[in-house]
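Chemist: My structure is below; once you've seen it, I'll send some questions.
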Amino acid sequence: MNVGFIGLGRMGTGMAASLLRAGHDVTVYNRTPDRVRPLVELGARTAARVRDACRGDAVVTMLADDSAVEAVAFGHDGVVDVLREGAIHVSMSTISVGLSERLATTHANARQRFVAAPVFGRPEAAAAAKLFIVAGGAPDAVEACRPLFEAMGQKAFLVGDDPKAANLVKLSGNFLIASVIEALGEALALVGKAGIDRRRYLEFLTSTLFTAPMYKSYGALIVEEKFEPAGFAAPLGEKDIRLTLAAAETLRVPMPLASLLRDRLLTLLARGGDALDWSAIGQLAASDAGLGTTTSR
């Protein structure tokens, strides 16, 4: 496919590279041009402006938050202004349910198609084309995107015809991941203060009761205190939990654990943890217990 790719952070760079390796014709745009060079070496074309990345069959946006997506989509000569009729905007960012709904309506009014396709996976999964993709949108539009999804991920899941459903699933998933991190942090603080070897404890947990890769990967980050460089920065984690709570408020769904997680992430940020991976909240329990940690700045 002839596709534009906007947003070359740690996730977007790996995803765009996967598209190139799969043989797609990719035009890339990023506000900081130095991020573009490695992809040009792989065969990508460079877009000087957002509009120059919106000339093909589809344009993928992989941006940090709602404000970044809004600027690219609704700004002058943005995606909505330039995308041809019938072409697809594939939003793979983690954004609010409300913004997803607004994008779907605006693109439909412009006779363009919109697919929400947020991803699960850290930068190493993006680089290895091992992401899990959650897609929402009209079946024909999602099917047209399948070659892109197959290039970037190991599996894509269609969760409904309404794009915002995919964004809600993504937010709920990140809420669950943050819950795992907090629970691991508390359990590790408990056994650690009792003098039990935390690495052996984690090995026991992840080879018996909790064998999912998430427990192994996040547990290892907490035990080894490997919070930099951030695979998923703490401010983004706080943003996602905040968006989860906003969606829950709209639907009148109490989520007391999500409120706790928001406060944990705010505590991490208040201690200067902006550059840390969000898994650093797993060390807050150790700090509360009087154990030495790297999360205090």
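Chemist: Tally Lys/Arg at +1 and Asp/Glu at -1 over every other residue whose Cβ is under 14 Å from the Cβ of Asp161; what's the total?
Modeler: On the way: positive: Arg113, Lys164; negative: Glu101, Asp140, Glu143, Asp162.
Taking every other residue near Asp161 into account, the sum is -2.
Chemist: Follow-up question, since we're still on this one. Go ahead and run the numbers for FRET between Thr46 and Arg21, Cβ-Cβ distance against an R0 of 25 Å, rounding to 0.05. Kindly include the intermediate steps, with their values, before the conclusion.
Modeler: Numbers: r = 18 Å, r/R0 = 0.72.
Result of the calculation: an efficiency of 0.90.
Chemist: Next question, about the same structure. So how strong a dipole does segment 2-161 carry about its Cα centre when Lys and Arg Cβ are +1 and Asp and Glu Cβ are -1, to the nearest 20 debye? Walk me through the numbers on the way to the answer.
Modeler: Numbers: 17 positive and 17 negative charges, 74 e Å.
I would put it at about 360 debye.
Chemist: Indicate the helices, whole DSSP H runs only, in the chain that combine a mean Kyte-Doolittle hydropathy of 0.0 or more with a Cα extent along their long axis of 27 angstrom or more.
Modeler: 163-193
Chemist: For Lys155, which lysines qualify as cross-link partners when the Cα separation must be under 22 Å and same-chain residues fewer than eight apart are set aside?
Modeler: Within the straight-line cut-off, Lys155 pairs with Lys130, Lys164, Lys170, Lys216.
Chemist: Report the local net charge at Thr244: Lys and Arg +1, Asp and Glu -1, summed over other residues whose C-beta lies under 15 Å from its C-beta. Mind dumping the intermediate values first?
Modeler: Numbers: positive: Lys164, Lys170, Lys239, Arg242, Arg252, Arg262, Arg264; negative: Asp65, Asp66, Glu182, Glu238, Asp240, Glu249, Asp263.
For residues surrounding Thr244, the net value is 0.
Chemist: Okay, next question. How far is the Cα center of segment 109-162 from the Cα center of segment 219-253, in Å?
Modeler: Using only Cα atoms, the two centres lie 21 Å from each other.
Chemist: Something else: May I ask you to derive the relative contact order of the chain, considering only C-alpha pairs under 8 Å and at least 6 residues apart, and to give it as an integer percent?
Modeler: In percent, rounded to a whole number, it is 14.
Chemist: Take the Cβ-Cβ distance between Arg37 and Arg111 as r, set R0 to 41 Å, and report the resulting FRET efficiency rounded to the nearest 0.05. Display every interim value, and only then the final one.
Modeler: Details: r = 36 Å, r/R0 = 0.87.
My answer for the efficiency is 0.70.
Chemist: Turning to a different aspect of this structure: Determine the dipole magnitude for the chain: charges of +1 sit on the beta-carbon of Lys and Arg, -1 on that of Asp and Glu, nothing else is charged, the reference point is the Cα centre, and the result goes in debye to the nearest 20.
Modeler: 280 debye
Chemist: Also, I was wondering about something else. Take the alpha carbon atoms of segment 1-136, find their radius of gyration, then divide it by 2.2 N^0.38 Å using N residues; give the quotient.
Modeler: On the way: Rg = 13.5 Å, N = 136, 2.2 N^0.38 = 14.2 Å.
My calculation over the Cα atoms of segment 1-136 gives 0.95.
Chemist: If you don't mind, there's one more thing I want to ask. With r defined as the distance between the Cβ atoms of Glu124 and Thr250 and R0 fixed at 25 Å, what FRET efficiency is calculated, to the nearest 0.05?
Modeler: Numbers: r = 34 Å, r/R0 = 1.36.
For Glu124 and Thr250, the calculated efficiency is 0.15.
Chemist: Can you check what the Kirkwood hydrodynamic radius comes to for segment 168-288, Cα pairs only, in Å to one decimal? Walk me through the numbers on the way to the answer.
Modeler: Numbers: mean 1/r = 0.0685 Å⁻¹.
Kirkwood radius, segment 168-288: 14.6 Å.
Bear in mind that the values in this text are calculations on the coordinates, not laboratory data. All values reported here derive from a predicted model rather than from experimental measurement. Cβ sites come from the backbone with ideal geometry, for glycine too, and all protein chains shown count toward neighbours.
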